[in-house]
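A.B. asks: Right, I'll just put the structure down here and ask away after.
Here, each number is a calculation from the coordinates, and none is a lab measurement. The model shown is predicted, which means the values in this text are computed figures rather than measured ones. Don't worry about glycine lacking a Cβ; one is built from the backbone with ideal geometry, like all the others, and counts go over all protein chains shown.
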2 protein chains.
Amino acid sequence: MLSPRTPSSVFVARRRALAERSPTPALLAAGLPPARQYRANTYPFRAKSHFLYLVGEHIPGAALLVTRDRQILFVEPEADGDALWHGPRPSFEELRAAHAVDEVRALADVDAVLRDLGAPVATLPTEDARSAAWLSARLVRVIPASSGDKLEAGSPDEALAEAMIGLRLRHDEAAIEQLRAAGQASARAHLAGMRATRPGGTEAEVAGVMIGSLRREGFEDAYGPIVTIHGEVLHNEHHHGTLAAGDLLLADVGGETPEGFAGDITRTWPVSGTFSPTQRAIYDVVLAAQRAAVAKVRPGVRYREVHETAKRIIVEGLCHLGIFRGEPSGLLERGAAAIFFPHGIGHLIGLDVHDMEDLGDRAGYAPGRTRSKAFGDCYLRLDRDLEPGMAVTIEPGFYQVPAILRDARYVGAVGDDLRRDVLARYADVRGIRIEDDVLCTDGEPEVLTSLVPKDASEVEAAMRS
Amino acid sequence: MLSPRTPSSVFVARRRALAERSPTPALLAAGLPPARQYRANTYPFRAKSHFLYLVGEHIPGAALLVTRDRQILFVEPEADGDALWHGPRPSFEELRAAHAVDEVRALADVDAVLRDLGAPVATLPTEDARSAAWLSARLVRVIPASSGDKLEAGSPDEALAEAMIGLRLRHDEAAIEQLRAAGQASARAHLAGMRATRPGGTEAEVAGVMIGSLRREGFEDAYGPIVTIHGEVLHNEHHHGTLAAGDLLLADVGGETPEGFAGDITRTWPVSGTFSPTQRAIYDVVLAAQRAAVAKVRPGVRYREVHETAKRIIVEGLCHLGIFRGEPSGLLERGAAAIFFPHGIGHLIGLDVHDMEDLGDRAGYAPGRTRSKAFGDCYLRLDRDLEPGMAVTIEPGFYQVPAILRDARYVGAVGDDLRRDVLARYADVRGIRIEDDVLCTDGEPEVLTSLVPKDASEVEAAMRS
């Protein structure tokens, strides 16, 4: 296991900090593994992130109660026969010591404990229907199995959500160690993928090598891996394609530490081992945008500015190549960037690859800020002023998406200043994205995923290594 | 992709056969991918097996209506912007042609179509809460998100379940091709795992190589992979252990074809590359039981007899080694087999690794047969008379489970005839299981997973290869 283990004192500190920030006690459910087909064949269990943040272990069905003066972990007690199938389980006392909580109790005791508290208890929404039903019964009110941006204004749940965001936005040292481990394991997976790429091979082959690399180190996927020669299909989780020498392969693959922290890397490399001149020209535009955006990750910088920086450099680069005609500033105003870069520059990363997206835009958008209505910008998931301890992805791209390029709603304002005759020369560039995970510090940004090269020549060298 | 593609004519034939066997029309949901954390980060989508049996493709949210004269596939229509993120999607007409259904319609049309039918419509239970809610709304009755052994006697749903079991119990030629592909890919994963095993390595390393092998060929896991030096913990899906030279590694890993059919193989190999004499002695007992049980897979043989055969050979073998004292027949009557082999000899395999377990024991147990109350035998998942086209696993084992060996409920009846002094010499055998997937044919059983060796010397040779 190459991932560090967070000491229990860190979880104690996080739970205390939460108790101080939340006006009411909080009950958080770990969740249950969903069935794949029938009940006994489940997907791998992954506890909910708020629970993981405070406990650090995937305990199916467990719940944590945090009050100002007590931290109680509720678990399913060992049933008769459990030891037979699952081996010996730690006793409540062993669990109490390992997690440094005040008490470990049977799940069935929750109701009595809540009754004794006699105070309103807050919780956070969950996507897991069984957990939502369980929480609803415990708290005697409807906890919907749905997205958390619908929290009632002024409610204890909303206050708890804000308290949790206040903690998780700026990672503590232990969380940063986890993110480093996730970034490095993800980087090794990319190196393995680069080396396994060959003309005549398959997307599945490269994806298998990358997933295998993560699993060998004890990491799960942080999200559905994208490994595709059709980088222009942004949400492409199929691996059905065969690799031809002229293709670029786009891999967006990240691992998750055993404690649940995510890595998220995209690299794009030439199947042949060498970028064509046209591929390299566009690649270098995206890379310049990526480097400039990474350099902007500093305290006080508004993340939207990072996004705008990348857009500007992409449009300037495409002007330089002759794909756009005219002044970059005017082109940007007319929506030129989104034609080739139709998504946001990145997002928060932490225990979730889109950190705290279960709480809607509440985590990503500072109070008073809302999503832009403009195509492209409307997909920006983060618009806060950066602070030390925040971790974000930086992932500009260039894609030739037919559904954009033929739609006047997206290209109309740019008109003939999009020079399609020039663009036609770049037909061998369907999609490029370059993505790193970046920690905002007091000084220089720390790139958590720097183990894997991104300079075009270094990528080519890594493929040969 | 090394897995064959089932032609649409097969699905047409299956749908027609279902329509003939079900007294009412049937509406089956494909299901939706469950959220891992927040809604946009899901587990890989895997359609429900009944839907896959009739359609062969994982189409999230889709539903199939089968009536005597029409087969209609309902799908979510392309939303504005879909092409942007997901690439171009096939038109309804393309889908209709690809799946050879009579019509493809928008999901929103289901209610109108059902109204026009004017007849009761049957469905099958699902574990997916969102699908259950959707089906409940369509059929205007409660479809529980729960285990399917609770079907109301005499109901259309029960008749549909029986019709489906009637079809899926005996695999057609296309299903057998899928099972062969799953068996072979799973076997290659085991060979890769054997080669990757080394003292000082980790369970995760071997598991990663095996999972990577499956993914590289385009196969998913059919179930949570077990790769452990603690084979005596039967449900052990953690891969935290480090491999020492004296350990046996037990790997229960199987892949699933892109169309959803499962492979399920267990092999147990010595980390050092060579079985110790004690390990080999027990291994050979389990292997003899496995070979004898495989040989019994013939038409007309009751599966319980296959189970009894394995039990007998294990007890005879342990008598021979001196671990049991006395006559095997008397020991068997006193429950000796379950002390070391506490589970069933196997189960149906098909689209589910425990095929049709979503319908409870209805699929596994012939009408009038029920589970034994005896420890060990009570876990037998299948008690039908075998027929050509049935596929089953054959997976005897030997485990030293502390929770069994110290519990008078399990060992009391055998008393001192369990010779613990002799058993102590076999301390380096914690758990061994040997499992193949076997097709019942008109003649010799066909072992679908024979690519991976099981003879002890051949296993050792494979590790060196």
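A.B. asks: Fewest first, what order do A:Val227, B:Val10, B:Val209 take by the number of other Cβ atoms within 10 Å?
C.D. replies: Least to most surrounded, the residues fall as B:Val10, B:Val209, A:Val227.
A.B. asks: Can you list the lysines whose alpha carbon is less than 22 Å from that of A:Lys373, not counting same-chain residues fewer than 8 positions off?
C.D. replies: Counting by Cα, and skipping residues close in sequence, A:Lys373 has these lysines nearby: A:Lys150, A:Lys311.
A.B. asks: How many angstrom lie between the C-alpha centres of the range A:345-364 and the range B:260-292?
C.D. replies: 47
A.B. asks: Ranking A:Arg464, A:Arg384, A:Arg141 by Cβ neighbours within 10 Å, fewest first, what do you get?
C.D. replies: Final ranking by Cβ density, sparse to dense: A:Arg464, A:Arg141, A:Arg384.
A.B. asks: May I ask for log10 I(q)/I(0) of the range B:8-168 at q = 0.12, 0.13, 0.17 Å⁻¹, from a Debye sum over the Cα atoms as equal point scatterers with solvent left out?
C.D. replies: -0.51, -0.60, -1.05
A.B. asks: Quick one: grab the alpha carbon gyration tensor of the range A:374-465, order the square roots of its eigenvalues as a ≥ b ≥ c, and give me rounded if a/c is under 1.5, else prolate or oblate depending on whether a/b is larger than b/c.
C.D. replies: On the way: a/c = 3.38, a/b = 1.38, b/c = 2.45.
Note, shape of the range A:374-465 comes out oblate.
A.B. asks: Over chain A, what is the relative contact order in whole percent, taking alpha-carbon pairs under 8 Å and six or more residues apart?
C.D. replies: 15 percent.
A.B. asks: Treating the angle as unsigned and between 0 and 90°, give the value, to the nearest 10°, between the Cα long axis of helix A:129-139 and the longest Cα principal axis of chain A.
C.D. replies: Between helix and principal axis, roughly 40 degrees.
A.B. asks: Turning to a different aspect of this structure: Classify the range A:241-293 from the C-alpha gyration tensor, please: rounded if a/c falls under 1.5, else prolate or oblate depending on whether a/b exceeds b/c.
C.D. replies: Details: a/c = 4.45, a/b = 1.48, b/c = 3.00.
Cα axes put the range A:241-293 in the oblate bin.
A.B. asks: Moving on. Average the reciprocal distances over every distinct pair of alpha-carbons in the range A:326-441, invert the result, and give the Kirkwood radius in Å.
C.D. replies: For the range A:326-441, inverting the mean 1/r across all distinct Cα pairs yields 15.8 Å.
A.B. asks: Cα axis of helix B:173-195 to longest principal axis of chain B: angle in degrees, 0 to 90, nearest 10?
C.D. replies: The angle comes out near 40 degrees.
A.B. asks: Calculate the translational D of the range B:130-192 in whole µm² s⁻¹ from Stokes-Einstein, where the hydrodynamic radius comes from the Kirkwood formula applied to all Cα pairs, the temperature is 4 °C and the viscosity 1.567 mPa s.
C.D. replies: Calculated translational D: 87 µm²/s.
A.B. asks: At 37 °C and 0.692 mPa s, what whole-number value in µm²/s does Stokes-Einstein give for the translational diffusion of the range A:332-395, with Rh from the Kirkwood sum over Cα pairs?
C.D. replies: Stokes-Einstein gives a translational diffusion coefficient of 263 µm²/s.
A.B. asks: Once you treat every alpha carbon in the protein assembly as shown as an equal point and sum by Debye, what is log10 I(q)/I(0) at q = 0.06, 0.08 Å⁻¹?
C.D. replies: Log10 I(q)/I(0), no solvent term: -0.45, -0.81.
A.B. asks: Once you list every other residue whose beta carbon is under 12 Å from the beta carbon of A:Ile59, what net charge do they have if Lys and Arg are +1 and Asp and Glu are -1?
C.D. replies: Once positives and negatives cancel, what remains is +1.
A.B. asks: Helix B:277-295 sits at what angle to the longest principal axis of chain B, using alpha carbons and giving 0 to 90 degrees rounded to 10?
C.D. replies: 40
A.B. asks: For a test of the definition: using alpha carbon positions, the gyration tensor, and the 1.5 limit on a/c, classify the range A:205-303 as rounded, prolate or oblate. List each step's numbers first, then the result.
C.D. replies: On the way: a/c = 2.19, a/b = 1.01, b/c = 2.16.
Since a/c reaches 1.5 but b/c is at least a/b, the shape of the range A:205-303 is classed as oblate.
A.B. asks: Let me ask you something else. With the Cα gyration tensor of the range B:173-464 in hand, give its eigenvalues times 5 under a square root as the equivalent ellipsoid semi-axes, listed largest first in whole angstrom.
C.D. replies: Largest first, the range B:173-464 gives 27, 25, 16 Å.
A.B. asks: On to the next question. If one computes the Cα centroid of the range B:188-217 and of the range B:1-53, what distance in Å separates the two points?
C.D. replies: Rounded to whole Å, the Cα centres lie 30 Å apart.
A.B. asks: Between B:Asp416 and B:Asp111, 0.36 nm times their residue separation minus their Cα-Cα distance comes to what?
C.D. replies: On the way: separation 305, 0.36 × 305 = 109.80 nm, distance 6.75 nm.
Roughly 103.1 nm would be gained on extension.
A.B. asks: Can you give the Kirkwood hydrodynamic radius for the range B:75-148, in Å, rounded to one decimal and based on Cα pairs?
C.D. replies: About 14.5 Å for the range B:75-148.
A.B. asks: To continue, here is another question. With an 8 Å cut-off on Cα pairs and a minimum separation of 6 or more residues, tell me the relative contact order of the range A:18-106 in percent.
C.D. replies: In percent, rounded to a whole number, it is 25.
A.B. asks: I would also like to ask the following. What number, in percent, do you get for the relative contact order of the range A:8-168 if the mean sequence gap of Cα pairs under 8 Å and at least 6 apart is divided by its residue count?
C.D. replies: Once divided by the residue count of the range A:8-168, the mean separation gives 26 percent.
A.B. asks: Here's a follow-up. Would you calculate the convex hull of the Cα atoms in the range A:145-261 and tell me its volume per residue in Å³?
C.D. replies: 136
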